[in-house]
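The values are calculated or read from the model by the stated rules, or taken from the named source; none is laboratory data. Bear in mind that the values here come from a model prediction, so they are computed numbers and not experimental data. No Cβ is skipped: glycine too gets one built from the backbone with ideal geometry, and neighbour counts run over all protein chains shown. Only protein heavy atoms, including side chains, enter the accessible area calculation; ligands, DNA and RNA are left aside. Shrake-Rupley method; radii C 1.70, N 1.55, O 1.52, S 1.80 Å.
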Amino acid sequence: MDIETIYEEHYYPEKSAKRRKSTVAGYDSSVRLHVLPRWGGCEIEEIDPDELQAWVDSFELPGAAEKAFKCLRQIVRWWAKRKRLRISDPTVYVELPQKPHYAPQTLDAEELVEFQRGFWGHELEAFVLIASSLGSRRGEACAVDLKKDINWKTGAVSLGPSRQCIGGVTETFGAKTDKSNRVGYLPKYVFNRLKQICKGRSGLVIGDLSPDTVARRIKAHCKRNNLPYVSPTNMRHTWATLAIEAGVGIETVAMMLGHTDITTAYEHYIVPRKTICQEAQRAVEKYIFDHAPKPRAMAEAA
């Protein structure tokens, strides 16, 4: 059976029933754009590892190559496992191109305050305050209901569901993982401001806007008013980095971000800024001087 038949008649229907619509849509576009045009008519046994490597190397963007290859690999391995096929896996011989290092853009504490104040009275002020103060994903912040999800006595905010735009239609989907269903707590200054601007309001924090429209309007407002800018996605990176700078443990940051393990927070969300590294060295230096015997010269210098 060829790859296209496996995908259209078996793999795609099963994954569509089990996975979030937004997840399926993202991978389906890569399969239809890259995988099926090249490998759709081939059976698994006909895929030559050298030709597969040449196909991967032909992509201009390493990220696109990796996504397309992983989609094909998943289809191949899923089918072999499902049918108990004892065949050679052609994908094991492929070497993926190295992706350039990505350092997310983040704001420091002063820039964040300027950014938040710059939205005073703006239609998206409530969204900006929530998204930049809770470490939430963009879709999670967009899905916050002012009446249902915020405890106006404690400042607790229920997070997990995500507002996504798929094929031009905006919908709210369930949480990404079990740990994504969580409760965040607003800092006091944000909570007090939200009570002022959201009194009597109900519905989603973004109203009837789509997440993409929200992102565009935030960027345009920052540009017009010469404000520090990060995208809604990088508001999440900003919060995580500031939390580490403030001395919050990585395990707590990962929990508040809704990650299943701390390595995700460390590898993708924490920017090793100068302040973090310097504070770490100050802590180590203090520990050394507090606990190690001091030679006379060091003691006199101290």
(Q) Between Q278 and I262, what is the label-point separation in nm under the 7 Å Cα-to-beta-carbon projection? (A) 2.5 nm
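What stretch of the chain, leaving out the sites themselves, is the longest with no trypsin sites (Lys or Arg not before Pro) in a DSSP loop having at most 14 other Cβ atoms within 10 Å? Display every interim value, and only then the final one.
Working: sites that count: R19, K83, R84, R86, K147, K148, K153, K199, R201.
With a cap of 14 other Cβ atoms within 10 Å, the longest stretch comes to 202-302.
With every protein chain present, what is the per residue accessible area of the chain (1.4 Å probe, Å²)? Walk me through the intermediate numbers first.
Working: 17670 Å² over 302 residues.
Here the per-residue accessible area is 59 Å².
Chymotrypsin sites (Phe, Trp or Tyr not before Pro), restricted to region 57-159: which are DSSP loop and have at most 12 other Cβ atoms within 10 Å? All intermediate terms of the calculation are to be shown ahead of the outcome.
Working: sites: F59, F69, W78, W79, Y93, Y102, F115, F119, W120, F127, W152; in loops: F59, Y102, F119, W120, W152.
In loop regions of region 57-159 (DSSP not H, G, I, E or B), the sparsely surrounded chymotrypsin sites (Phe, Trp or Tyr not before Pro) are Y102, W120.
With a ≥ b ≥ c taken as the square roots of the eigenvalues of the C-alpha gyration tensor of region 202-251, please select rounded if a/c is under 1.5 and otherwise prolate if a/b is larger than b/c or oblate if it is not? Don't skip to the end; give the middle numbers.
Values: a/c = 3.11, a/b = 1.57, b/c = 1.97.
It is oblate, given that a/c is not under 1.5 and a/b is not larger than b/c.
Quick one: pull the percent of accessible area on the chain belonging to carbon and sulfur, 1.4 Å probe, ligands and nucleic acids left out. Let's see the in-between values first.
Details: 9060 of 17670 Å².
Heavy-atom surface of the chain belonging to carbon and sulfur, 1.4 Å probe: 51 percent.
If R₀ is 22 angstrom, what is the calculated FRET efficiency for the pair Q196 and E114, using the beta carbon separation as r and rounding to 0.05? Numbers along the way, then the final one.
Details: r = 20 Å, r/R0 = 0.89.
Once the sixth-power term is evaluated, E becomes 0.65.
Note the full-extension length gain between V24 and N225 as 0.36 nm times their separation in residues minus their Cα-Cα distance, in nm to one decimal. Provide the component values of the computation, followed by the final result.
Details: separation 201, 0.36 × 201 = 72.36 nm, distance 3.82 nm.
So the chain would gain 68.5 nm between V24 and N225.
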Q. Per-residue HN-Hα couplings for region 69-74, Karplus 6.51 cos²θ - 1.76 cosθ + 1.60 at θ = phi - 60°, whole Hz, x for Gly and Pro?
A. 4, 5, 5, 5, 4, 5
(Q) What are the ³J(HN,Hα) couplings of region 242-258, residue after residue, when phi is run through the Karplus curve with 6.51, -1.76, 1.60 and θ = phi - 60°? Round to Hz, x for glycine and proline. (A) 5, 5, 5, 4, 7, x, 6, x, 4, 5, 6, 4, 4, 4, 6, 6, x
Q: Within region 46-142, report the GluC sites (Glu not before Pro) that DSSP leaves as loop and that have at most 12 other Cβ atoms within 10 Å.
A: E60, E95
Q) What FRET efficiency do you get for E43 and E251 if R0 is 41 Å and r is their Cβ-Cβ distance, rounded to the nearest 0.05? A) 0.30
Q. Structure shown: which of K21/K67; K153/K176; K15/K67; K21/K179; K21/K81 lie over 26 Å apart, alpha-carbon to alpha-carbon?
A. K153/K176
Q) Which of rounded, prolate, oblate describes region 128-247, given a ≥ b ≥ c as roots of the alpha-carbon gyration tensor eigenvalues and a/c under 1.5 marking rounded, otherwise prolate only if a/b is larger than b/c? A) rounded
